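Input: a single structure, listed below in structure tokens.
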Amino acid sequence: MQNILINATDAASYISSKLKNEPKLAIILGSGLGGLADEVITDRVEIPYSEIPHFPVSTVKGHSGKLIAGKIYDKDIIIMQGRFHYYEGYELSEVTFPIRVFALLGVRGIIVTNSAGGINRKFDPGDLMLITDHINISSISPLRGENEETFGERFPSMTEAYSLRLRKLALDVAFMKEKEYSYGEKIELKEGVYAFMRGPQYETPAEIRMLDIIGADAVGMSTVPEVIVANQMGMEVLGISCITNVHKPGEKPTHEEVIENADKSAEKFRKLIMRILKNIT
Ligand code: HPA
């Protein structure tokens, strides 16, 4: 753990030497959702992961692997375009390394996005789902091993892993619940529980039935490790899934379908995140 602290401090000081401002909010972009990074124009700085000391390098199609920092609506943000997955062979300490680095940079809040398979039969491909809670069915934890006190508690609470305040904001701006949010059209935003499987294989019909019974609305191969670490480090978390496929008897999910449906929802997703960024405090 001491090494992670040293390495994360090293990475944070490299990144901050490149940045024009101190980011307060981080955004992790899931597969196919990378377009949001085009919104960063003011004070834009791009840093490929390969340049950052101790940073893992991403390998998956659709994840290009760089940090993009700058301002959106005058808010200092840092975007991860491309994330690390356990199924790629990374340890969870590597998967969550960027979160440690962000916290050391002074980031206080994080928006985590992903593509997910729908378990809830009321979902349709292309839906956006606000994550209300998660189930770590993988049973692996990024906090296993010696605890580094600087990072946070040995036994952190996960009672409100997804900030109620930020969830309310997301619903308010999506459905324009307050008069001051006059944005044109409503954005349908479902809500649900995200289950983390290690992957990379998709789920069997029996696993889908199990996930349904235990209360999952969606399933995916990311997010939960990052959210656990963000919580340990005292960050406020907002999680949004793009439902790229819905598990139904006899239907096989494919990676192509996942990427294609993530692309189709990209515009809706971008609009929602922009509304959130406009109003987040
Ligand atoms: N299962 C797991 N991960 C996913 C899925 C799925 O069906 N779709 C997108 N990511």
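The values are calculated or read from the model by the stated rules, or taken from the named source; none is laboratory data. Treat the numbers as computed from the prediction; the structure is a model and nothing was measured. Here the Cβ is made from the backbone with ideal geometry for all residues, glycine too, and neighbour counts use every protein chain on show. SASA here: full protein model, heavy atoms, side chains in, ligands and nucleic acids out. Shrake-Rupley method; radii C 1.70, N 1.55, O 1.52, S 1.80 Å.
The local environment of Ile52, defined by Cβ-Cβ distances under 10 Å, has a net charge of 0 under the rule Lys, Arg +1 and Asp, Glu -1. Report D for the range 19-108 in µm² per second (integer): Stokes-Einstein, Kirkwood Rh on Cα pairs, 4 °C, 1.567 mPa s. D, rounded to a whole number, is 98 µm²/s. Entry comment: accessible area of the chain is 44 Å² per residue, from protein heavy atoms only and a probe of 1.4 Å.
Taking amide hydrogens as placed 1.01 Å from N in the peptide plane, the amide H of Ile27 sits under 5 Å from those of Ile78, Ile79, Met80, Ile111, each at least 5 positions away in sequence or on another chain.
Taking the 1.4 Å solvent-accessible surface of the range 180-239 as the whole, the part contributed by carbon and sulfur is 52%.
The equivalent ellipsoid of the chain has semi-axes of 27, 23, 18 Å, largest first, where each one is the square root of 5 times an eigenvalue of the Cα gyration tensor. Applying a threshold of 25 Å to the alpha-carbon distances of Lys66/Lys248; Lys66/Lys264; Lys66/Lys177; Lys168/Lys252 flags Lys66/Lys248; Lys66/Lys177; Lys168/Lys252 as lying beyond it. When the charge dipole of the range 142-281 is built from unit charges on Cβ atoms (+1 for Lys and Arg, -1 for Asp and Glu) and taken about the Cα centre, the candidate among Ile259, Gln201, Met274 whose Cα reaches farthest toward its positive end is Met274.
From most to least packed by mean Cβ count within 10 Å, the peptides 123-131, 34-42 give 123-131, 34-42. This model, with +1 at the C-beta of Lys and Arg and -1 at the C-beta of Asp and Glu, gives the chain a dipole about its Cα centre of some 520 debye. Largest accessible area first, the listed residues Lys186, Lys122 line up as Lys122, Lys186 when surface is computed with a 1.4 Å probe on the assembled protein chains. Across the range 19-24, coupling constants 3J(HN,Hα) worked out from phi with the 6.51/-1.76/1.60 Karplus curve, θ = phi - 60°, read 7, 8, 9, 8, x, 10 Hz, and Gly and Pro carry x. Over all other residues within a Cβ to Cβ distance under 12 Å of Asp133, the charged ones net out to -2, with Lys and Arg as +1 and Asp and Glu as -1.
Computed over the chain, the per-residue total of -39500 (n - 2.57) for DSSP H runs of n ≥ 4 gives a 222 nm mean residue ellipticity of -9500 deg cm²/dmol, rounded to 500. Taking all protein chains as shown and a probe of 1.4 angstrom, Arg44 keeps an accessible surface of around 80 Å². Among 248-254, 143-149, sorting by the average number of other beta carbon atoms lying within 10 angstrom of each residue, highest first, gives 143-149, 248-254.
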